[in-house]
1. Which of the residues belonging to region 338-376 are outside any helix (DSSP H, G or I), surrounded by 21 or more Cβ atoms within 10 Å (Cβ to Cβ) and modelled with pLDDT of 95 or more?
2. Being touching a residue at least 24 places away in the same chain (Cβ under 8 Å) and surrounded by fewer than 20 Cβ atoms within 10 Å (Cβ to Cβ) is the filter; apply it to region 100-116 and report the residue that is farthest from residue 31 (Cα to Cα).
3. Would you pick out the residues in region 219-255 that are touching a strand residue (DSSP E or B) at 6+ places or on another chain (Cβ under 6 Å) and without any contact (Cβ under 8 Å) to a residue 40 or more places away in the chain?
4. Among the numbered criteria (1) touching a residue at least 60 places away in the same chain (Cβ under 8 Å); (2) crowded, with 22+ Cβ neighbours inside 10 Å; (3) under 25 Å from residue 497 (Cα atoms), which single criterion is violated by residue 395?
5. Need pairs with beta-carbon distance below 8 Å; first residue on the phi > 0 side of the Ramachandran plot and within region 62-79, second assigned to a strand (DSSP E or B) and at pLDDT 95 or above; sequence gap 6+ or separate chains.
6. Just give me the residues in region 126-165 being more than 12 Å from residue 237 (Cβ to Cβ), in a helix (DSSP H, G or I) and under 19 Å from the mean Cα position of the chain (by Cα), in sequence order.
7. I'd like to know if region 418-428 contains one or more residues that are at pLDDT 95 or above and closer than 30 Å to residue 520 by Cα.
8. Spot the failing condition for residue 332; the list is (1) assigned to a helix (DSSP H, G or I); (2) touching a strand residue (DSSP E or B) at 6+ places or on another chain (Cβ under 9 Å), and only one is missed.
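The values are calculated or read from the model by the stated rules, or taken from the named source; none is laboratory data. Note that the structure is a prediction, hence the values are computed from the model and not measured. As a convention, Cβ positions derive from the backbone with ideal geometry for all residues, glycine included, and neighbour counts pool all protein chains shown.
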């Protein structure tokens, strides 16, 4: 979730690959029997026109060449296959500038029994679907890898797909380290100036692309990709923000939905302020679960009770706000970086041990480990940022939701947010102001995702998910025309391949065999 400084509260939906590694090995039998996705004769892929698209497919006017393109798959990455997809920069002007999307395909283990091509997206916005697919053995169990070609794509503006560029690494470091909850007017002015510099940098470095990296446009790209794969129905697995991308696709193209899993769901109908409150509570709940685990083991380094442990962490954040800790040459551990360093391991219980080490070191006056965790969160390496995820997340989210709270209104709305999260509430409240300082305003407002008439969609939610609370998954299920909820009782972000066999079997039976549970599945 690379969302430094003030946008943290509205952008806590990304899945950081380096911190989402599952403890599961992916071993096991092939699982459920594969069954093809039902399609009507009118959309059969067996008959193709001269352009290569299914003969009866209803292609939007002016997009025929895009929908009919043939993907040139080439061997890459140890047996995987790579290709590019051409899409219009602006769907309102399809004959204008084009951009190329980077694709990677991991062929199904059993090509004779293959169900189809499963498009995958790990979240963000800004995380690489190419890298996600390339690590299929980490993220998907054997039944999925056996019966699906796993196809990852970097959405427009992300990774290798005409990546949006906004800041130098030095500027991005300054932005990430800035105060997430400014205490006075000069700090507020500096925060505004940094964010304005960010957005203006996108326009200066990336031009028109800055106005065309919305989720709706990325979803339209997905339909072009579906057609280029010669697949009449969409097969999709999306995690975190990937649920919003998938849900947007389903809302735009409900008749093209085949099987779709939305894991760690985002509910777009939650108001900006309420969303900050719910997410703040999610991170507070996750932190308390971490401290509670430490206390229950006995001889906890944080203290003898959860409240004592939380208080000690809060004191540390106050200290780093007043005086950053030494961590790396030229990069001290500020409050903003300390928060990211604490949040990162909360995404996966398997990384709680790293938070032990980071906090113990920080209490001893050394911020190095928490800085390393923050860098993993931001996908920053020793020599700079490994991708543009920290830039894309701002560009996409402020286009998708052109809403904000004026700085003068923060004090009025922050009460419930701070009550929900005494540790992180104030920075979530200040995060509400972010898009007001962004350089591009789309005028877009969120709306329910209905997907009226779609095939059944599976939504997965986790009880103590810090980034996408269970209530969001429940809300999305209520919106969608035909959806079923799989609920995991557990810690960490997202539910599939998180060590819960019940969740894994439900997801795999649905994707591989088309088995739709009659009601909510509680795992």
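1. Narrowing region 338-376 to residues outside any helix (DSSP H, G or I): 347-348, 364-367.
In the following step, the residues that additionally are surrounded by 21 or more Cβ atoms within 10 Å (Cβ to Cβ) were identified as 347-348, 367.
Listed by number, the list holds a single entry, 367.
2. Residue satisfying both the conditions and the ranking: 100.
3. Selection gives nothing.
4. The single condition residue 395 does not satisfy is (3).
5. Partner pairs satisfying both residue conditions: 77/104.
6. Once the filter is applied, which keeps residues that are more than 12 Å from residue 237 (Cβ to Cβ), in a helix (DSSP H, G or I) and under 19 Å from the mean Cα position of the chain (by Cα), region 126-165 yields 130, 131, 134, 138.
7. Yes, that holds for at least one residue.
8. All conditions are met except number (1).
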